[in-house]
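What follows is a set of notes on a single structure, which appears directly below.
The values are calculated or read from the model by the stated rules, or taken from the named source; none is laboratory data. Note that the coordinates shown come from a computational prediction; the quantities given were computed from them, not determined experimentally. Counting neighbours? That spans all protein chains shown, and the Cβs are built from the backbone with ideal geometry, glycine included. Keep in mind that these areas ignore ligands, DNA and RNA; they rest on the heavy atoms of the full protein, side chains included. Shrake-Rupley method; radii C 1.70, N 1.55, O 1.52, S 1.80 Å.
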Amino acid sequence: MKQIFALLTALLLVLSFAACGTDTAPTTTDAPTTEPVQSTAAGNAASDVSPVQMLWADFQQKYTEDKSAEALANDVITNEAIPYMCGVLPVEEGLLSGFGNTEITGFSEGAQFAPMIGSIPFVGYIFKVDGDVNAFMDTLRANADLRWNICTEADEMLCEAVGNTVFFLMAPASFAN
């Protein structure tokens, strides 16, 4: 009986290591959307639009300057195309999920939105920046780690701004279940 248990445990260990492998190269999307994204009534974007582009377009439509970062993040997670139960947390300057050991500073207000299950390669931020927005976005782009999550890796990253509000997102290439 002990031998069977040991064999099953070893098999489970081997399978768990195999699950962490990846053979896809991540892509970075830094170009802003110039045309509106057409969505279906259910909130899903057209099939040729990636989740990051779809959520960026949705953010631009819902954006108003007077909304807080937390309110904007709550607007983003209401998109029906997101198949995950997401939550929003206010963030302060310092170490943030997805940026390794680099402290992210230079924003006056921030909010993170992410799935409640931590193994999904999806994390986003809304930042209100008082200083140089382009320099702040360059810092985010340079320090973003698409493989910040254990055994998973985001496929795409988007970092754009509307006025002084920065929208940052790392996500899978599709929300297909």
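List of remarks:
- Unique match (being out of contact with any Pro (no Cβ under 6 Å at 6 or more places or on another chain) and either over 24 Å from Pro172 (Cβ atoms) or open to solvent by 30 Å² or more (accessible area, probe 1.4 Å) (or both)) among Ile104, Ile82, Ile77: Ile77
- Failed condition for Ala161, given (1) open to solvent by 30 Å² or more (accessible area, probe 1.4 Å); (2) within 18 Å of Glu93 (Cα to Cα); (3) touching a residue at least 12 places away in the same chain (Cβ under 8 Å): (2)
- Criterion (closer than 21 Å to Gln60 by Cβ, without any contact (Cβ under 8 Å) to a residue 40 or more places away in the chain and within 14 Å of the chain's Cα centre (by Cα)) met by exactly one of Ala144, Ala114, Ala171: Ala114
- Flag if Asp130 is more than 21 Å from Pro172 (Cβ to Cβ), more than 17 Å from the chain's Cα centre (by Cα) and without any contact (Cβ under 8 Å) to a residue 12 or more places away in the chain: no
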